[in-house]
1. Restricting to the stretch 60-70, name every residue that is assigned to a helix (DSSP H, G or I) and open to solvent by 30 Å² or more (accessible area, probe 1.4 Å).
2. Just one of SER417, SER395 is within 12 Å of THR334 (Cβ to Cβ), within 37 Å of the chain's Cα centre (by Cα) and not hydrophobic (A, V, I, L, M, F, W, C); which is it?
3. Among the residues of the stretch 424-440, is any free of Cβ contacts under 8 Å to residues at least 60 places away in the same chain, β-branched (Val, Ile, Thr) and over 22 Å from ALA296 (Cβ atoms)?
4. For the stretch 237-281, which positions are outside any helix (DSSP H, G or I) and farther than 16 Å from GLN202 by Cα?
5. Would you point out which residue out of THR389, THR334 is in contact (Cβ under 8 Å) with a residue 60 or more places away in the chain and open to solvent by less than 40 Å² (accessible area, probe 1.4 Å)?
6. Filter the stretch 491-510 down to the residues that are crowded, with 21+ Cβ neighbours inside 10 Å and closer than 17 Å to GLN279 by Cα and list them by number.
7. Which of the residues spanning the stretch 246-269 are surrounded by fewer than 17 Cβ atoms within 10 Å (Cβ to Cβ) and closer than 23 Å to ARG508 by Cα?
8. Please determine, by comparing only the residues of the stretch 473-490 that are touching a residue at least 12 places away in the same chain (Cβ under 8 Å) and closer than 18 Å to ARG430 by Cβ, which one is surrounded by the fewest Cβ atoms within 10 Å (Cβ to Cβ).
Amino acid sequence: MGKAPVSELDERMPGRRWTVRLDPVGRGGEVVRVSCSRPACAEQRLPSAAAGRAAAVAHLKAHLRAASAPRPGASCACRAEGCHAHLPDTDRHARTETWRCGGPGVLAVSTDREGRWWQAMECCSRCAAATPGVKTAATSRAPEPRPADRPAPAATAAGVGVGVPQFSHAGQAPAGPVPAGPVPAPRSAPVRRRPRQVKIAQRVIPHTLRPVALRDELIELGDLFRAYQQRDQPDLALLADLHSRKASAFTAWAETTGDPSLHLDARRAEQAATTVLLQHQQRTGQGASSDTSAVARLLTRPGQWDCARSVLAHVTETAPLPGPEARLLMVMLTLRAAHGGTGNLVGQDLTGLGLGEPADLVAQLVDCDWLRLPCTPADLLASRPENPTAVTVPSLVPDEDGSGPLAFGRKLRPKLSGWAQRAVSDKKLRKAKAPAATRLLALVLATHSNADGCLGPDGQGIDLDRLLSWCAIGPGELPPLTDQLTATDWLAEVAVTPTRLTGRLTERVLPLTCPLT
């Protein structure tokens, strides 16, 4: 980077600058060296990089405390090295006019991304604002008028002691009053910074949202949720209250903006508040029975649980392709098209199932006429929520008398589809990038446990042959899958015998279960 020419008419005192560096000592060791650009500051050696960074930051802060206020008459320290603001017009940001400093003097602090150096410099506020990653530590004040008969305060070294950084080198401020010449005004309007983006539940809260009280509530809730995630111990009562407040705030937000997706988020928050509150009551024995029958399940009636199991049985009997990936895909497609044989899909519905090659699987189902598409598999995977793709499963189309293999009502089908989507897209399964076989096993186990979460009728376990048939896997594939479900807090106390799988579902997934009756 070339240096910008310095005007001969600029006779102002140069701005101060000091740099604190962190460097390794030798090769292969952990000892580091902290050095300062001021000759009066002695070098320090620390046993580790972490201790070195802490010492470097502390040393820079000591400099800032010992430094006098920024001097309005000083030129920008960055100008000497030709910062991007002072580059000539040949720079890639070619300007039509020469850069002019302006604004009050400031002490600007910057550092590199790797944490190898820290720098403070004296410059104008315009240069500080134009330099990326710079923070302002102090701003100069206009000198107050002093009576003519009152002498200027004399310089003193009373505050200087051992271990305190001193400005004794060329960068020391000259004795006597500092010339307070006029600061050149900027020729253009100051740069307007964009308002800080504030989020809640991955949604950006618009800075123009009104009423202001609603926006303030959303911002506060976002901060409270982030603070809760940093807690060492859970507080379910507090979390339930936060979800309840979120539901009310999102409902008001949806009514203000007319966004239907906000209503969905509000309902999810209501469900979360109910579930968390019940968990709190079960743990503390307050207000609800301590047994698991008080769990707020997504599917609430035994008839709905039987329908969920009937879907798994139907796909097991009619599946034209082998393997757990094809089986999971067919289960999800069957749930979408159960009422009338047709349903809408978007690409995210398939890409979120942990499938290795979703386009190839869809093409195979089309080739064997189990599935019919109005487009190519690639177009289906590219479809978005605003333009879903209508798919048809011919075996689910009702006969002339209106009967079909699955007796689903119009209202029950979306309930079952939503339940299955919640189960296979569980947060911990997504974070672990669980494959389709693990997700299918989780879905099957959710439909074959009792009210307490123990697997099988009366908690006696599930017959291994039937389980392997539902999941389309071999006996040797089951133990690794159960280990994954245990690691993601889905299963506990698992035991695989030659004939049965025993264990129980954890408390966090009980709302997704369909107890055996």
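The values are calculated or read from the model by the stated rules, or taken from the named source; none is laboratory data. All values derive from a computational prediction rather than experimental measurement. Note that each Cβ is placed from the backbone with ideal geometry, even for glycine, and that neighbours are counted across all protein chains shown. Ligands, DNA and RNA are excluded from the accessible area calculation, which covers all protein heavy atoms including side chains. Shrake-Rupley method; radii C 1.70, N 1.55, O 1.52, S 1.80 Å.
1. Kept after step one, since they are assigned to a helix (DSSP H, G or I), are these residues of the stretch 60-70: 60-66.
Hits for the stretch 60-70 are LYS61, LEU64, ARG65, ALA66.
2. Values: SER395 fails: within 37 Å of the chain's Cα centre (by Cα).
Unique residue meeting the criteria: SER417.
3. Here is the first cut: in the stretch 424-440, the ones free of Cβ contacts under 8 Å to residues at least 60 places away in the same chain are 427, 431-432.
Add one more test, that the residue is β-branched (Val, Ile, Thr), and what stays is none.
No: the stretch 424-440 contains no residue that is free of Cβ contacts under 8 Å to residues at least 60 places away in the same chain, β-branched (Val, Ile, Thr) and over 22 Å from ALA296 (Cβ atoms).
4. Here is the first cut: in the stretch 237-281, the residues outside any helix (DSSP H, G or I) are 258-259.
Within the stretch 237-281, just GLY258 meets the criteria.
5. On the way: THR389 fails: in contact (Cβ under 8 Å) with a residue 60 or more places away in the chain.
Answer to the check: THR334.
6. Step one: filter the stretch 491-510 for residues crowded, with 21+ Cβ neighbours inside 10 Å, giving 491, 501, 503, 505, 509-510.
The answer is LEU505, VAL509, LEU510.
7. Result: LEU264, ARG267, ARG268.
8. Let us first name the residues in the stretch 473-490 that are touching a residue at least 12 places away in the same chain (Cβ under 8 Å), namely 473, 477-479, 481-482, 484-485, 487-490.
Retained after the next criterion (residues that are closer than 18 Å to ARG430 by Cβ): 481, 484-485, 487-490.
Working: LEU481: 21, GLN484: 20, LEU485: 26, ALA487: 13, THR488: 21, ASP489: 15, TRP490: 26.
For the stretch 473-490, the residue satisfying everything is ALA487.
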